[in-house]
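Below is one structure; the comments refer to it alone.
The values are calculated or read from the model by the stated rules, or taken from the named source; none is laboratory data. What you see is a predicted model, and the numbers here were worked out from it, not measured in a lab. Note that we place each Cβ from the backbone using ideal geometry, even for glycine, and neighbour counts take in every protein chain shown.
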């Protein structure tokens, strides 16, 4: 459980921060964060390389996040992003 908490901690931190006053609702705020989260997942994959189940979960999360990083052009609104994300 501690491992999963460590993997997900940056997701929680950025989710809370982007909901606050630091975000203007534009995907251009979110895409750099998504790149940072992808990098974090890569690091976690190396850190937990001896646990094949965790590695597989990290790879699946990376795949989904990477899909959205490359799917949305700069300037897409947060509302559009959320709508498309919820349709998947």
(message) As an exercise: evaluate residue 33 against (1) at pLDDT 90 or above; (2) surrounded by 11 or more Cβ atoms within 10 Å (Cβ to Cβ) and give the number of the one condition it does not meet.
(response) (1)
(request) For region 70-80, state whether one or more residues are loosely packed, with under 13 Cβ neighbours inside 10 Å and at pLDDT 75 or above. (result) no
(message) Regarding region 50-69, can at least one residue be identified that is surrounded by 11 or more Cβ atoms within 10 Å (Cβ to Cβ), part of a loop (DSSP other than H, G, I, E, B) and either within 13 Å of the chain's Cα centre (by Cα) or modelled with pLDDT of 90 or more (or both)?
(response) yes
